[in-house]
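Input: a single structure, listed below in structure tokens.
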Amino acid sequence: MKFSPEKYELEDVSQQPFISETEINKYLGSGSAGPEPSKVREIIAKSLEKNRLNLQEVATLLKTTDEPLLNEIKEGARKLKEDVYGNRIVLFAPLYVGNYCTNNCRYCGFRASNKNAQRKTLTRSELICDVEALEDQGQKRLILVFGEHPDYSPEYIAETVRTVYSVKKGKGEIRRLNINAAPLDIEGFRTVKEAGIGTYQVFQETYHPETYRKYHTGGKKADYNFRLAALDRAMEAGIDDVGIGALFGLYDWRFEVMALVRHTSHLEACFNTGPHTISFPRLQEASDSHINNGYRVGDEEFTMLISILRLAVPYTGMILTAREPEHVRKEVIRFGCSQIDAGSKIEIGAYSRPAGIFQDLNKEQFFLNDNRTLDEVISELIDHGQLPSFCTACYRLGRTGEHFMEFSVPGFIKRFCTPNALLTMAEYLCDYATPGTAEKGWRVIHETLDNNDLKDRKAELTDRINRIKNGERDLYF
């Protein structure tokens with residue numbers, strides 16, 4: 001019998017479950033042979049026209065096994081990323097505020113049953129010290145990370161956000177704060193929004209219901225549907241920048257890719273805008289973790305899932321974290337990533353302590369594989385033709401949610417992104433860069449100013465860069 005996927009599609013209703021295991025498996029299982037090369041190329045071409053892919057098209061890419069076609073998929077992702085985002089890479093750092101947790105996620109070092117975990121919540125003065133240390137690096141964008149615990153209420157998260165925004169050291173300041181924390185109810189999300197947050201992240205970890213139940217055996221997180229509908233509640237509360245993600249390695253990576261695209265479609269159907277970002281962390285070693293290694297994702301599979309996600313959602317930001325080792329980050333960043341963290345530390349209070357790369361898993365959520373400083377990462381980005389950016393202009397000018405899509409979908413966002421990247425990079429070079437990075441950075445800035453895409457703004461950009469050299473800060477379009 002011919003497969004008719006429409007029979008398995010669910011209607012999208014806000015705050016109602018929208019993942020159908022049957023639907024996804026039917027898409028992935030239909031067709032015994034690999035897809036026709038012409039069909040794969042047709043799908044790549046559709047994405048290069050900056051059109052979202054549907055589930056059937058994503059499944060076709062996921063079922064491709066022919067190596068030349070796989071290389072065409074990667075090349076399509078590389079070209080699309082360049083067309084939409086140019087060569088800019090947005091930089092941020094995570095700041096872990098507290099690791100008390102009532103959940104019992106078997107893969108996580110913060111799990112409630114882990115008696116080896118050393119628990120801590122930053123005091124206000126410790127939080128300020130960490131923020132000052134991050135500002136001394138040159139960081140402008142942070143994501144605050146909290147365990148799921150009654151101590152970390154919406155009011156506490158909001159007060160933490162206000163404290164971080166208030167910290168100014170020298171010419172340093174934090175201009176955008178994103179949040180990775182437990183799902184809230186609608187009123188809780190409203191409380192956090194009023195503090196001026198950027199994106200609120202809630203990762204489903206795995207969208208496969210049976211696997212989810214296996215790995216989440218206690219605490220509020222054991223409720224699959226409550227977590228699945230979390231970002232619906234956030235959007236109902238007025239937070240129009242939300243971030244989704246899956247922890248790759250818990251279940252079949254192809255299923256998780258399909259589910260992330262399905263989640264994107266659900267948000268678009270219910271709220272007329274999809275997620276601001278998609279994250280794809282890979283499972284890493286953690287204290288007292290209990291995991292099945294059967295679904296570990298290899299480097300080549302990791303590259304493919306990033307490439308396919310890039311083609312599937314042309315305008316969605318994609319976040320690559322320091323979970324990955326340096327050589328992997330260098331490779332996969334070309335195929336669709338628009339944001340990375342750098343200079344990251346995930347032990348509570350680690351930024352304000354003396355530098356070192358030793359990691360104690362009993363103090364961390366998982367093992368971190370890229371321990372380079374922010375300056376080292378920026379230097380490498382420049383060496384590979386990428387433009388480091390600390391831009392926060394869209395968020396601060398209200399270009400978020402549906403309004404952001406009005407700018408980004410027609411491709412106009414590059415008109416803002418490249419100039420703002422240059423301005424924030426100039427700030428970094430003046431205030432924080434090592435001499436070698438500064439020399440390379442200024443050369444890149446002057447070369448970029450000569451780009452034809454910026455010729456109508458070259459004079460204005462040059463003037464603003466000179467003003468930055470003379471001490472002005474926070475200039476943006």
How would you classify segment 169-295 from its alpha-carbon gyration tensor, with a ≥ b ≥ c the square roots of the eigenvalues: rounded for a/c under 1.5, else prolate if a/b is greater than b/c, otherwise oblate? prolate
Where does the chain land at 222 nm, in deg cm²/dmol rounded to the nearest 500, when only DSSP H runs of n ≥ 4 count, each adding -39500 (n - 2.57), divided by all residues? -13500 deg cm²/dmol
Asp474's amide H: which non-local residues (gap 5+, or another chain) put their own amide H closer than 5 Å, with H modeled 1.01 Å from N in plane and none for Pro or chain starts? none
For the pair Asp456 and Arg296, what calculated FRET efficiency results from E = 1/(1 + (r/R0)^6), where r is the Cβ-Cβ distance and R0 = 41 Å, to the nearest 0.05? 0.25
With a 10 Å radius around each residue's Cβ, average the other Cβ atoms per peptide and rank 117-125, 267-275, 330-338, highest first. 330-338, 267-275, 117-125
Cα centroid separation, segment 365-386 to segment 328-352 (Å): 6 Å
Size-normalised alpha-carbon gyration radius of the chain, reference 2.2 N^0.38 Å: 0.94
Those helices of the chain passing the 15 Å axial Cα length cut-off and the mean Kyte-Doolittle cut-off of 0.5 (DSSP H runs only) are 299-312
So, in Å, what gap is there between the alpha-carbon centers of segment 214-266 and segment 133-197? 21 Å
All other residues with a Cβ under 12 Å from the Cβ of Thr211 taken together, and with Lys, Arg as +1 and Asp, Glu as -1, what is their net charge? -2
Calculate, for Lys169 and Glu439, the FRET efficiency according to 1/(1 + (r/R0)^6) with r their C-beta to C-beta distance and R0 41 Å; round to the nearest 0.05. 0.95
Could you pull out which residues in segment 100-127 have an amide N less than 16 Å from a spot 7 Å beyond the Cα of Phe367, following the Cα-Cβ vector? 107-110
About the Cα centre, charge dipole magnitude for the chain (Lys/Arg +1, Asp/Glu -1 at Cβ), debye: 360 debye
Sort 210-221, 97-108 by packing, meaning the average of other beta carbons within 10 Å per residue, with the highest value first. 97-108, 210-221
Lone cysteines, the chain (no partner Cβ under 4.7 Å): Cys101, Cys129, Cys270, Cys337, Cys391, Cys394, Cys417, Cys430
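Every read-out reported here was derived from the displayed coordinates using simple, explicitly stated rules and does not represent laboratory data. Just so you know, these numbers come straight off a predicted model, no measurement behind them. Note: ideal-geometry Cβ built from the backbone for every residue, glycine included; neighbour counts use all protein chains shown.
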